[in-house]
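The values are calculated or read from the model by the stated rules, or taken from the named source; none is laboratory data. The model shown is predicted, which means the values in this text are computed figures rather than measured ones. Here the Cβ positions follow ideal geometry from the backbone for every residue, glycine too, while neighbour counts run over all protein chains shown.
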Amino acid sequence: MEIASKYDPRSVEERWYNFWLEKRLFHSEPDRRKAYTVVIPPPNVTGVLHMGHMLNNTIQDVLVRRARMLGKNACWVPGTDHASISTEAKVVKMLAERGINKRDLSREEYLKYAWEWKEKYGGIILKQLRKLGASCDWDRTAFTMDDIRYESVIKVFVDLYNKGLIYRGVRMVNWDPQALTAVSDEEVIYKESHGKLFYLRYYVEGEEKYIVVATTRPETIMGDTAVCVHPEDERYQWLKGKRVIVPGVGRIVPIIMDEYVDREFGTGALKITPAHDINDYNLGMKYGLESIDIFNDNGTLNANGGKYANMDRFACRKAIMKDLEEAGLVEKIEDYTNKVGHSERTDAVIEPKLSAQWFMKMESLAKKALEVVEDDTIQFHPAKFKNTYRHWLENIKDWCISRQLWWGHRIPAYYFERVTESGDRRTEVVVAVNEDEARKIAAEKYGYNGDLRQDEDVLDTWFSSWLWPISLFDGIRNPDNEEIKYYYPTDDLITAPDIIFFWVARMIMAGEEYRGEVPFRHVYFTGIVRDKLGRKMSKSLGNSPDPIELIEKYGADGVRMGMLLTAPAGNDLPFDESICEQGRNFANKIWNALRLVKGWETDGEVRQSDENALAVEWMEQRMACVLESIEKDFDQYRLSEALMSTYKLVWDDFCSWYLEMVKPAYGKPIDRETYDSTIRIFERLMCMLHPFMPFITEEIWHILQTCEENETLAQLGAESSIMMQHMPCSVFYDQRMLDDCNVAREMIAGVRNMRNSRGLSPKEELNLIVVAGSDKPLNRRFDGIVRKLANVGEITYSEAKPEGALGFMVGTMECFVPMKENIDVESELKKLEEELRYSEGFLMSVMKKLDNEKFVKGAPEKVVALERQKKADAEKKIEALKERIGELRG
RNA sequence: GGGAGUUUAGCUCAGCUGGUUCAGAGCACUUGCCUUACAAGCAAGGGGUCAUUGGUUCGAAUCCAAUAACUCCCACCA
């Protein structure tokens with residue numbers, strides 16, 4: 001068979017991905033096998049693939065492919081998230097570019113545009129994932145707003161409302177004046193910002209005296225309804241019971257006294273604006289203060305702003321300060337740094353705002369969700385995130401779930417007006433899965449048969465994603481269906497730590513509430529992908545490479561491997577393109593090994609040599625050994641370690657050692673037995689590597705096979721669990737043999753080193769004389785291999801030391817290479833003396849331990865025995881070295 | 001302000017319950033090689049007071065305390 005001299009990932013990757021798709025290898029249906037389930041963290045429909053997705057999905061794919069090969073029924077469900085607030089922002093922008101104002105559209109018209117947008121852009125990211133090799137069950141692709149998911153969300157809302165866990169109330173919420181919606185506490189990002197602290201004079205009513213109040217937000221004085229000082233503050237006792245005039249506004253407000261005030265801050269006097277600050281709101285409630293709302297929803301001042309009405313809040317700040325300064329009401333202005341809340345999605349400065357919203361009670365849900373993580377029913381990797389998780393759940397507040405948007409799940413609450421028995425007009429609300437149901441309830445409960453008005457708001461995006469592991473299998477609408485019973489709970493969740501509260505915690509709550517069972521067993525937290533300078537990758541910085549370009553340049557296998565090697569769980573990944581090079585180089589290396597092996601001529605007449613039989617045996621032992629360590633790595637989710645071991649197994653053990661051991665001399669054929677074994681070993685290596693590098697392994701596996709057209713490496717597990725056959729997990733391996741081989745490898749390296757340092761050609765054959773130093777019986781099985789790889793003619797075992805030879809030591813064994821030419825005595829002496837010095841120092845440290853009575857008494861026998869052995873070996877070595885030095889000086 | 005974490009080779013990180021896996025790996029680096037699979041390579045090398053200072057111990061990268069630097073999370077100080 002003709003094999004291309006260069007590996008071309010592009011054509012190979014596309015070919016195999018299509019093949020897998022055609023065969024529907026990634027599709028899963030419940031059967032008798034054990035299920036292995038992963039649900040994708042649904043990317044936003046607004047998104048395009050970035051490096052974070054690449055890392056996250058590569059990890060998922062490795063786990064899924066491995067499970068599939070181990071004979072499990074692997075199901076990786078893909079999908080996208082409607083991302084209400086960011087999508088709405090994009091759609092509004094797109095409309096604006098077309099000259100359309102959202103406000104001129106009806107809800108239905110607007111949603112038509114939004115769906116169009118979703119259809120056009122929403123699938124991009126999933127298509128991109130195919131290039132990465134993601135083995136998702138595409139037939140199951142879901143969307144958080146498709147019919148099943150939509151109905152599930154509505155059903156849950158109604159259910160939680162009926163259970164009393166969802167309520168509507170007027171609260172101080174975080175208002176995003178740009179998106180014109182409330183957002184949850186988690187969606188507010190506090191950022192350090194350099195601002196000013198303004199000291200304003202509040203004159204006492206009817207007096208010339210004034211009190212100075214410090215504020216960062218002078219524009220809110222229009223809403224001031226009190227000034228507060230600490231009740232024990234000496235400086236302000238005279239103000240007790242008095243009233244002051246709000247500067248520039250003229251409103252007369254009371255002085256109140258409350259321990260909330262920090263006497264150290266500013267002047268120790270605080271202005272109270274109940275409508276626009278959560279703390280002021282609380283104080284306002286406590287003292288029965290009036291609450292004056294001065295802002296419109298978009299952050300401009302309303303009619304209560306008087307002459308500043310319609311001005312933006314930040315422009316107003318400037319204008320007001322100018323006016324106050326002119327009026328002599330400003331004491332001073334200081335620079336001040338504080339944290340200001342910004343909207344996660346729009347980055348607008350959040351405005352605390354009193355409004356009617358829907359909330360969810362979290363306390364009871366949180367309790368259960370905490371338990372299952374505390375008792376390790378769900379394990380976090382790395383475990384340190386348990387702390388973060390615990391802290392949040394122990395301090396949880398109710399969740400504001402309504403959003404003043406159109407794109408999303410519309411809240412199934414229906415309002416109507418009625419007159420009560422006592423004659424009051426009241427607005428009633430009924431919550432039901434649809435309007436017909438709502439009518440029934442309204443009729444039954446209130447005898448009302450008129451029109452209903454549905455709540456205009458939609459639900460927080462996360463109110464649909466928290467159901468994801470359940471709703472994907474339709475386990476909300478049909479809790480007893482076969483699929484949910486088979487696939488749930490899922491096995492692993494792979495996600496970034498920044499959504500631990502938004503998503504992970506809430507999914508656990510939903511799992512407990514709706515399945516009485518955790519949604520997954522393990523959560524693997526990936527790190528954040530950063531650039532070389534340690535900055536987060538972001539669009540605005542332009543420091544994020546295009547993943548698709550990377551794949552084209554290095555191959556998907558190369559990119560996957562590069563990322564995995566440098567990203568242990570929970571560690572940030574400092575991304576540099578060069579890490580992909582390592583992956584690409586590795587692919588190239590494997591390809592060349594293939595070219596070598598496939599280039600060999602076999603000859604059935606040639607008998608397998610002892611050396612080749614030994615090489616095969618050794619390689620198999622090595623594989624079993626590495627396999628065992630990989631098992632452990634996967635158990636602990638140490639993917640980068642598992643990959644590194646496999647990498648070294650292939651590159652070092654297989655390519656550098658094994659293939660060199662069995663490689664026939666130029667032009668000579670190889671024996672059939674060794675050839676077949678080599679192919680088998682190669683195949684197994686491809687199996688081990690397949691989860692990490694699915695494309696090249698599949699390609700090579702096919703070339704190696706005498707090839708059944710229809711078989712594929714990716715599906716093997718499905719029928720026969722060939723990975724189990726090929727990767728026997730409980731194989732015993734002979735550590736002694738591996739040790740013996742290591743001695744041989746050291747001898748080979750010693751001879752090569754000798755050539756290197758003396759400038760001898762590798763082609764010149766040398767002889768080797770071994771003087772066994774220790775009483776350990778020498779294993780000479782590897783002699784033939786040493787001779788071949790070190791180009792040694794003869795190995796002689798002797799008691800006597802040869803003359804005119806250069807030496808090196810392997811353990812306590814002395815090796816000599818006789819030289820034809822004169823040896824450089826001086827440099828040889830220098831080397832020996834250095835080695836002697838080191839050995840003597842080593843002996844001293846060992847002696848120190850052994851001379852210490854406490855050590856000999858206190859340490860375990862085994863440790864003491866080892867020290868004694870060290871001592872004996874060192875003494876022997878020193879003796880040998882001294883002898884050699886004596887001879888050379890001779 | 002509270003909490004958590006990190007600090008080991010130039011870089012990214014392993015190092016489990018203290019002792020032959022104790023100072024490791026990969027990359028980078030140095031030297032020599034276009035050796036008929038591979039220069040995206042081969043062979044051989046160099047490189048670390050395990051952040052600092054104390055303590056516990058026969059023995060500390062490993063356990064304890066303090067210090068320093070960095071990172072992250074949480075929090076209503078105007």
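Observations on the model:
- Residues in the stretch A:83-98 that are closer than 18 Å to A:Glu344 by Cα, surrounded by fewer than 22 Cβ atoms within 10 Å (Cβ to Cβ) and in contact (Cβ under 8 Å) with a residue 12 or more places away in the chain: A:Ser86, A:Ala89, A:Lys90.
- Residue within the stretch A:634-656 that is surrounded by fewer than 20 Cβ atoms within 10 Å (Cβ to Cβ), away from RNA strand B (no atom under 13 Å from the Cβ), acidic (Asp, Glu) and not in a loop (DSSP other than H, G, I, E, B) present: no
- When the residues of the stretch A:246-269 are filtered to those that are under 44 Å from the mean Cα position of the chain (by Cα) and not small (Gly, Ala, Ser), the one that is farthest from A:Ala327 (Cα to Cα) is A:Tyr260.
- Filter pass, A:Gly558 being more than 16 Å from RNA strand B (Cβ to nearest atom), part of a helix (DSSP H, G or I), modelled with pLDDT of 95 or more and in contact with an Asp or Glu (Cβ under 8 Å, 6 or more places away or on another chain): no
- Hits in the stretch A:520-555 (condition: among the hydroxyl-bearing types (Ser, Thr, Tyr), away from RNA strand B (no atom under 15 Å from the Cβ) and touching a residue at least 24 places away in the same chain (Cβ under 8 Å)): A:Ser544
- Elements of type helices (runs of 4 or more DSSP H) contained in the stretch A:405-471, each with 2 or more residues being in contact with a Pro (Cβ under 9 Å, 6 or more places away or on another chain) and of a type in the set (Asp, Glu): A:435-446
- Total residues in the stretch A:856-890, condition outside any helix (DSSP H, G or I) and more than 8 Å from RNA strand B (Cβ to nearest atom): 1
- Comparison of A:Val751, A:Val731 shows that the only residue that is of a type in the set (A, V, I, L, M, F, W, C) and at pLDDT 85 or above is A:Val751.
- Of the candidates A:Val261, A:Val249, the single residue that is within 8 Å of RNA strand B (Cβ to nearest atom), part of a loop (DSSP other than H, G, I, E, B) and under 23 Å from A:Lys209 (Cβ atoms) is A:Val261.
- Within the stretch A:172-202, tally of residues that are within 16 Å of RNA strand B (Cβ to nearest atom) and either buried (at least 20 other Cβ atoms within 10 Å of the Cβ) or under 35 Å from the mean Cα position of the chain (by Cα) (or both): 20
- Just one of the numbered conditions (1) out of contact with any Leu (no Cβ under 9 Å at 6 or more places or on another chain); (2) modelled with pLDDT of 95 or more; (3) over 21 Å from A:Leu126 (Cα atoms) is not true of A:Gly542: (2).
- If the condition is being charged (D, E, K, R) and within 16 Å of RNA strand B (Cβ to nearest atom), then the stretch A:390-419 contributes A:Arg390, A:Glu394, A:Lys397, A:Asp398.
- A:Leu850 being surrounded by fewer than 16 Cβ atoms within 10 Å (Cβ to Cβ) and not in a strand (DSSP E or B): yes
- Checking A:Gly164 against (1) within 13 Å of RNA strand B (Cβ to nearest atom); (2) surrounded by fewer than 16 Cβ atoms within 10 Å (Cβ to Cβ), the condition it does not meet: (1)
- Residues that are out of contact with any helix residue (DSSP H, G or I) (no Cβ under 8 Å at 6 or more places or on another chain) and not in a loop (DSSP other than H, G, I, E, B) within the stretch A:271-300 comprise A:Ile278, A:Asn279, A:Asp280, A:Tyr281, A:Asn282, A:Leu283, A:Gly284, A:Met285, A:Lys286, A:Tyr287, listed in sequence order.
- Sole residue being within 13 Å of RNA strand B (Cβ to nearest atom) and out of contact with any Cys (no Cβ under 6 Å at 6 or more places or on another chain), chosen from A:Gly306, A:Gly328, A:Gly268, A:Gly299: A:Gly268
- Residues in the stretch A:734-748 that are part of a helix (DSSP H, G or I) and loosely packed, with under 15 Cβ neighbours inside 10 Å: A:Gln735, A:Arg736, A:Leu738, A:Asp739, A:Asn742.
- Residue among A:Ala567, A:Ala587 that is within 16 Å of RNA strand B (Cβ to nearest atom) and either in a helix (DSSP H, G or I) or surrounded by fewer than 18 Cβ atoms within 10 Å (Cβ to Cβ) (or both): A:Ala587
- Residue match in the stretch A:591-611 (condition: buried (at least 16 other Cβ atoms within 10 Å of the Cβ), closer than 27 Å to A:Cys741 by Cα, of a type in the set (Gly, Ala, Ser) and within 11 Å of RNA strand B (Cβ to nearest atom)): yes
- Looking across the stretch A:396-430 at every residue that is of a type in the set (Ser, Thr, Tyr) and surrounded by 19 or more Cβ atoms within 10 Å (Cβ to Cβ), the one that is farthest from the chain's Cα centre (by Cα) is identified as A:Tyr414.
- Among the residues of the stretch A:203-217, those that are within 16 Å of RNA strand B (Cβ to nearest atom) and among the aliphatic types (A, V, I, L, M) comprise A:Ile211, A:Val212, A:Val213, A:Ala214.
- Comparison of A:Phe695, A:Phe682 shows that the only residue that is under 30 Å from the mean Cα position of the chain (by Cα) and not in a loop (DSSP other than H, G, I, E, B) is A:Phe695.
- Meets criteria (aromatic (Phe, Trp, Tyr), within 16 Å of RNA strand B (Cβ to nearest atom) and assigned to a loop (DSSP other than H, G, I, E, B)) for A:Tyr236: no
- Any hit, the stretch A:251-259, residues being at pLDDT below 90 and either surrounded by fewer than 16 Cβ atoms within 10 Å (Cβ to Cβ) or touching a Ser or Thr at 6+ places or on another chain (Cβ under 7 Å) (or both): yes
- Of residues in the stretch A:358-389 being touching a residue at least 12 places away in the same chain (Cβ under 8 Å), within 16 Å of RNA strand B (Cβ to nearest atom) and part of a loop (DSSP other than H, G, I, E, B), the one farthest from the chain's Cα centre (by Cα): A:Met362
- Subset tally (residues that are outside any loop (DSSP other than H, G, I, E, B) and touching a strand residue (DSSP E or B) at 6+ places or on another chain (Cβ under 6 Å)) for the stretch A:505-535: 7
- Summed over the stretch A:628-653, residues that are under 17 Å from A:Thr697 (Cα atoms), more than 21 Å from the chain's Cα centre (by Cα) and not polar (S, T, N, Q) total 5.
- Scanning the stretch A:372-395 for residues that are surrounded by 14 or more Cβ atoms within 10 Å (Cβ to Cβ) and charged (D, E, K, R) turns up just one, A:Lys386.
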